[in-house]
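Undergrad: Below: one structure in structure tokens.
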Amino acid sequence: MDIIYAQEVAIEAAKEAGTLLRRGVKERKVISRKSSVVDLLTEHDQAAESIILERLKEAFPNHRLITEESALDDKRSDNSTFTWYIDPLDGTNNFTHGYPVFCSSIALFENGQPAIGVVYDPMRDECFLAAAGQGAYLNSANGNKRLRVSQTRELVDSLLATGFPYDRHTSNDDNLAQHGAFLKKALGVRRSGSAALDLAYVAAGRLDGFWEYRLSSWDVAAGVCIIQEAGGTVSGIEGDHWRISPQVSLIASNGRIHSAMISVLAKVTEQFE
Ligand code: IPD
Ligand code: CA
Ligand code: CA
């Protein structure tokens, strides 16, 4: 498989979907709800997904596709070496409000390992991309720039990001205590509303670390690939080995603050035991 060709197809697909979203953010949206009252869906999520699926199916008819909106996971291709993880619109709640922080996220994994990651922010025309062993880059109007994680060593100097689960109105497993603990220790904690962009920003050194519980594979697959290629570290919440699965909790950082982040989360967990 030609990894560079696959990356080009993914970039084209993400940019085409992103163009639809950039136009769509100004339009009136038809909104429905999914798993909870704060888990929204627009026609734009579905239209962007159709564009991406069409491109990928045409170029790679035998690859497995795991997507958010069509719940497409063709069991016939379960044994495929190659799996694509697609979130056509990450940041739907921002999108519905015209808040310009959202992206399209596309990743390819080969035998469970990250091979390609593409996160495209259509509002800033920023495309964060990586291919295994080839480094991570930011492609924008200013050309191609190599991405490296930040050098920050102390939590007190660190800008972090997180997110909160869609069942937070009804579940106590809501990340609020963890958020509070980091607010007391870090320079700041942001909640952008797009996990994929948060991860891309860790890769770009704009954030020093990120954690979130119970995300889906398509939220993080591309971002993880980009962070690893930018020299960062990704693990489970307890510092355990991270692997792709339908539901994922993770810490992603510049590596230097990783153990400090694990300790903060471990202390909060202890309090609940
Ligand atoms: C959501 C965003 C958000 C995160 C949620 C995700 P969606 O994705 O990434 O930042 O906190 O857990 O589900 O629904 O906008 O694609
Ligand atoms: Ca998402
Ligand atoms: Ca989505």
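Undergrad: Any idea what the dipole of the stretch 155-271 comes to, in debye rounded to 20, about its Cα centre with Lys/Arg Cβ at +1 and Asp/Glu Cβ at -1?
TA: The dipole magnitude comes to about 260 debye.
Undergrad: Continuing with this model, one more query. Taking only Cα atoms of the stretch 3-146, what ratio of Rg to Rh do you get with Rh as the Kirkwood inverse-distance radius?
TA: 0.97
Undergrad: Further, regarding this structure: Starting with the fewest neighbours, write out Asp240, Asp167 ranked by other beta-carbon atoms found within 10 Å of each beta-carbon.
TA: So the residues, fewest neighbours to most, are Asp240, Asp167.
Undergrad: Step by step: find N for the stretch 155-271, compute 2.2 N^0.38 Å, then divide the Cα radius of gyration by it. What's the final number?
TA: Normalised by 2.2 N^0.38 Å, the Cα Rg of the stretch 155-271 equals 0.95.
Undergrad: Cα axis of helix 3-24 to longest principal axis of the chain: angle in degrees, 0 to 90, nearest 10?
TA: For 3-24 against the chain, the angle is about 80 degrees.
Undergrad: Per residue of the stretch 97-104, in order, report the coupling 6.51 cos²θ - 1.76 cosθ + 1.60 (Karplus, θ = phi - 60°) as ³J(HN,Hα) in whole Hz, putting x for Gly and Pro.
TA: Computed from phi, the couplings for the stretch 97-104 are 9, x, 7, x, 10, 6, 7, 10 Hz.
Undergrad: What fraction of the DSSP beta bridges in the stretch 3-146 is antiparallel, stated in percent and rounded to the nearest 5?
TA: Around 90 percent antiparallel, to the nearest 5.
Undergrad: Pairing the Cα long axis of helix 217-229 with the longest principal axis of the chain, what angle in degrees results, from 0 to 90 and rounded to the nearest 10?
TA: Value to nearest ten degrees: 80.
Undergrad: Return the calculated 222 nm mean residue ellipticity for the chain, to the nearest 500 deg cm²/dmol, obtained by summing -39500 (n - 2.57) across DSSP H runs with n ≥ 4 and dividing by the residue count.
TA: Result for the chain, helices only: -10500 deg cm²/dmol.
Undergrad: Taking the Cα centre of each part, how many Å lie between the stretch 140-182 and the stretch 5-63?
TA: About 24 Å separates the Cα centre of the stretch 140-182 from the one of the stretch 5-63.
Undergrad: How tilted is helix 258-272 with respect to the longest principal axis of the chain? Cα atoms for both, answer in degrees (0 to 90, nearest 10).
TA: So the inclination is approximately 70 degrees.
Undergrad: Using the C-alpha atoms of the chain, what convex hull volume per residue, in cubic angstrom, is computed?
TA: On the way: hull volume 34.0 nm³, N = 273.
That works out to 125 Å³ per residue.
Undergrad: With no solvent and one point per C-alpha, what does the Debye sum give as log10 I(q)/I(0) for the stretch 187-250 at q = 0.16, 0.29 Å⁻¹?
TA: After summing over all Cα pairs, the log10 values are -0.45, -1.51.
Undergrad: Which lysines have a Cα less than 16 Å from the Cα of Lys267, not counting those fewer than 8 places away in the same chain?
TA: Lys184, Lys185
Undergrad: Oh, and also: Of all DSSP beta bridges in the chain, what percent run antiparallel (nearest 5)? Show your work: numbers first, answer last.
TA: Numbers: 42 of 52 bridges.
The antiparallel proportion sits near 80 percent.
Undergrad: Set Lys and Arg Cβ to +1 and Asp and Glu Cβ to -1, take the dipole of the stretch 90-217 about its Cα centre, and tell me which of Tyr120, Ala136, Ser217 lies farthest positive.
TA: Checking the options against the dipole of the stretch 90-217, the answer is Ala136.
Undergrad: While we're here: May I ask you to evaluate 6.51 cos²θ - 1.76 cosθ + 1.60, the Karplus curve with θ = phi - 60°, for each residue of the stretch 161-177 and list the ³J(HN,Hα) values in order in whole Hz, giving x for glycine and proline?
TA: Karplus values, whole Hz, x for Gly and Pro: 9, 8, x, 10, x, 5, 9, 5, 5, 10, 10, 7, 7, 10, 6, 6, 5.
Undergrad: Among all the lysines, which ones have a C-alpha under 27 Å from Lys29's C-alpha, if same-chain residues fewer than 8 places away are not counted?
TA: Output for Lys29: Lys15.
Undergrad: OK, next. Counting DSSP beta bridges in the stretch 141-273, what percent are antiparallel, to the nearest 5? Could you put the intermediate results ahead of the total?
TA: Details: 10 of 16 bridges.
If we restrict to bridges inside the stretch 141-273, about 60 percent are antiparallel.
Laboratory data are not the source of any read-out in this text; all were calculated from the coordinates shown. Here the structure is a predicted model, which is why all the values come from computation and not from measurement. Note: ideal-geometry Cβ built from the backbone for every residue, glycine included; neighbour counts use all protein chains shown.
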